[in-house]
1. Rounded, prolate or oblate: which fits region 161-211, taking a ≥ b ≥ c as square roots of the Cα gyration tensor eigenvalues, rounded meaning a/c under 1.5, else prolate when a/b beats b/c?
2. Pop out the Kirkwood hydrodynamic radius of the chain from its pairwise C-alpha distances, inverse of mean 1/r, in Å to one decimal.
3. Only residues of region 143-158 count here: report those whose backbone N is under 18 Å from the spot 7 Å along Cα→Cβ of residue 179, or say none.
4. Only loop residues by DSSP count here, and only those with at most 14 other Cβ atoms within 10 Å; note down the trypsin sites (Lys or Arg not before Pro) in region 123-168 that meet that.
5. What length, rounded to one decimal in nm, is gained on full extension from residue 24 through to residue 171, with 0.36 nm per residue of separation minus their alpha-carbon distance?
6. Pairs 69/90; 40/90; 40/131; 69/138: which are spaced more than 20 Å apart, C-alpha to C-alpha?
7. Tell me, how many Å apart are the Cα centres for region 58-75 and for region 157-196?
8. Looking only at region 29-44, which residues have a backbone nitrogen under 19 Å from a spot 7 Å from the Cα of residue 71 in the C-beta direction?
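A short reminder: the numbers here are calculations on the coordinates, not readings from a lab. Only a predicted model underlies this, so the values are computations on that prediction, with no experimental measurement involved. Note that each Cβ is placed from the backbone with ideal geometry, even for glycine, and that neighbours are counted across all protein chains shown.
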Amino acid sequence: MLIRPQICAENLARVRARILSTATATGRNPESVTLLAVSKGQPPEAVRQFAALGLRDFAENYLQEALTKMDAVADAALRWHFIGPVQSNKTAAIAERFAWVHTVDRPRIAERLSAQRPHYAPPLKICLQVKLGSETSKSGVLPADLPALAASVARLPRLELRGLMCLPPPETTRDRQRHWFAELAGLASLLRAQGLPLDTLSMGMSTDLEAAIEEGSTLLRIGTALFGPRTSDPGSISSLDGTGAPS
Ligand SMILES: *Cc1c(COP(=O)(O)O)cnc(C)c1O
């Protein structure tokens with residue numbers, strides 16, 4: 001795949017302009033919103049392009065794909081976020097290689113991540129994934145179970161609980177999008193009132209970043225608006241960077 005620097009720069013400028021105009025209109029400091037580049041389904045060369053344009057935070061959903069890509073760009077000193085479902089047999093590698101995990105949704109996963117976080121590394125930064133609405137993915141803690149999970153994660157020595165994450169059902173109107181993000185923001189306020197110092201709302205993607213910013217997002221997870229379309233099968237990523245896997 002040919003990665004055109006010009007297109008990467010234009011896409012990044014467009015996303016930054018959307019963040020700037022929404023933040024400004026909402027009375028928020030645009031710098032309070034971090035842009036996280038979701039590089040799943042994209043080759044290492046694309047990550048390099050965006051790193052050269054100044055992005056430092058990158059996110060991946062699939063561990064094997066992530067590890068291969070991280071090795072390929074190891075010289076770039078990037079901060080990696082894990083945003084896919086966490087299986088318990090994958091926690092050791094995730095605890096070792098990532099700076100953030102956005103998708104913790106049960107105590108057992110949190111306990112393993114804490115136990116397996118290497119002692120030479122700072123505590124692993126955690127967002128709890130909350131399941132909003134009845135039609136969302138299987139992942140995510142139910143709002144009713146969130147306070148107990150948050151309290152137990154906050155006690156784990158090698159984790160640093162930073163906030164909440166959601167992947168709401170796709171909505172076509174700004175009001176419907178805002179509804180879910182407002183719900184997540186409300187849950188975070190509730191936890192703060194109980195003494196947990198949460199500073200992160202990981203919400204908003206390519207099609208709904210405006211609604212997310214309006215409801216207080218501090219971390220946008222943006223894939224297609226930066227990189228363009230993904231390959232349909234993330235497992236075929238290596239064929240894109242010329243390492244020879246069948247497509
Ligand atoms: C793929 C993905 C994104 C990015 O989605 P886009 O619509 O491409 O911006 C964000 N968050 C999660 C959890 C994802 O899986």
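1. Working: a/c = 3.18, a/b = 2.11, b/c = 1.51.
Since a/c reaches 1.5 and a/b is larger than b/c, the shape of region 161-211 is classed as prolate.
2. Numbers: mean 1/r = 0.0542 Å⁻¹.
Result for the chain, one decimal place: 18.5 Å.
3. From region 143-158, the list is 143.
4. Details: sites: 125, 131, 138, 155, 158, 162; in loops: 131, 138, 155, 158.
Sites meeting the loop and neighbour criteria: 138, 155.
5. Extra length from residue 24 to residue 171 when fully extended: 50.6 nm.
6. Working: 69/90 17 Å; 40/90 17 Å; 40/131 22 Å; 69/138 27 Å.
Cα-Cα > 20 Å for 40/131; 69/138; rest within.
7. 27 Å
8. Taking a point 7 Å out along Cα→Cβ of residue 71, the residues of region 29-44 whose backbone N falls under 19 Å are 40-44.
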